[in-house]
Structure formats: C-alpha cells, structure tokens
Amino acid sequence: MSYSLRASVGMATSSTTSVAPASLPSGWQAQDLLVAVTMTNATGTPTPTDPSGWTRLITTSSAAALMLYGRWAQSGDTVPTFTWSSGVTAADIAAFSGGPVTDLATINDKYTERASTSTSVVVFNGGSLAPTNDNSLVIMAGRMRKTGTSDGATFGSAPSTFTKFTNGFANPNGGTQDVIWCYCIQTTKATIATNQTLSMSIAEGAGQNTQGFGVVLKLGSPIVVPSRSLLGVGT
C-alpha cells in the first residue's frame, strides 16, 4: 500500500484574503487523500480560517504564512475557499490515492520549518526529515514575500528527487509573492539527503521574507467501523 499522486489543480492566486482553486483535482475519487497548501504574503503572524471538513496537517511558528490541510474525499465534495486574516493569497489542491482512510490528526510523522529575510535562502533542507515508515508522502512548500516587482526576479527550485506539482510555482499579485510546492514518495524509510533542498532567490531589494516547511505524512492505521447484525448487535 502506498500513496500515488492522482492529479493536482495548479496554484490559484487572489488579490484578497480569500482564494479558491479552480476545481478539485482531475479524476479524484471518494477516499482519496486531498492535500491543500495555502499561503499569504502578510507579515507577522497571519491566521488562516479552516475550511469546513478540512484538517490542519501541520502547526506553524516561523512559517506562519503557510498552512497545509488534508481531507478524505467524499462523494459530492466541492472546492473549498481558503481565507487568511490579512494579505493576498494563493492555494492549490492535490489528490493522492492508495492511503487507508485514517485519523488525519495522526499521519504527521515528521515536520520542520524555516523562515529567513535573506535575499537568497534555502527554505528547507531535507536532511532534517527522517521518515520512520515506508511509503511515506513527503511534501515541501515555500513562499517568498517581496515589496514588489522592483525587488527583481525570483525563482523557486524543487529538490532533484522531488516532483513539483503541475503549475506548482506562481508569481502572483503583481510580483509581491512567490510560492512553490513539491512532493516525493519515500518508499523506504530513510533520512532524506541533506542536498535535497527547496530554495528561492531574489535578485535585489529589501523587505522580502521567505518561509518554508517540510512534512512527512505516513500511512496510518485504517479506521475500522464495526458492522451490526439485524438485531443491532455489533459483530
């Protein structure tokens, strides 16, 4: 049993505090693991409003302007809206098959984050992640806030063993925010190599702020729903 990417939507952006991806991922099915990343270019410690039915998969401190959510897809699901307390926003959703339906609060195996005001920064270094389970899903995401397009060109690069989600990099809202996310399936538990880094760079200017995180999502224990006999007695 292993996670497998079914599809991702592509990074949606908004000039307001709320953003909604264009759709749910193509071909998604009930019981897929839906994973959503959302970001804001706000400074300080902005607060996200959790969409109904979605569970936070990370906690943040230094990476306060990013959030990762999860949900087990159900028939009839619709596109969620992600809202922050301030800033302009971005969000994307990916669907993964192969994971057993389990308590989402228990699948975060490892987590690390980083923030910097450097003009060129390694947002996240894979060496601090060591999955303890085979067939884990590893996600990295980063966001750079700029004062404007005058700060120069920015780019984001994914580690060589990771796959950037389709249209998983964007430079929205007049060039004031750059966002990227990527993933890999760690089939065998092992420390992710220290050279596997998610990086973003800015050519010039001041007022930039870079944040990023890495998270390992393990395959959890399936939720067992007891069956019942015609007499109403659990079997």
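Read-outs throughout are calculated quantities, based only on the coordinates presented, and are distinct from any laboratory measurement. None of these values were measured; they are calculated from a predicted model. Methodologically, a virtual Cβ is constructed for each residue, glycine included, from the backbone with ideal geometry; neighbour enumeration extends over all protein chains shown.
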Under a plain spin-label model, where a point goes 7 Å from the Cα along Cα-to-Cβ, how far apart in nm are residue 106 and residue 74? 2.0 nm
Among segment 72-112, those whose backbone N falls under 16 Å of a label point 7 Å along Cα→Cβ from residue 134 are 99-100
Quote to one decimal, in nm, the extra length available between residue 81 and residue 45 on full extension: 0.36 nm per residue of separation minus the C-alpha distance between them. 11.0 nm
Anchor residue 189: aspartates and glutamates whose Cα lies under 12 Å away (excluding residues fewer than 8 positions away in-chain): 109, 134
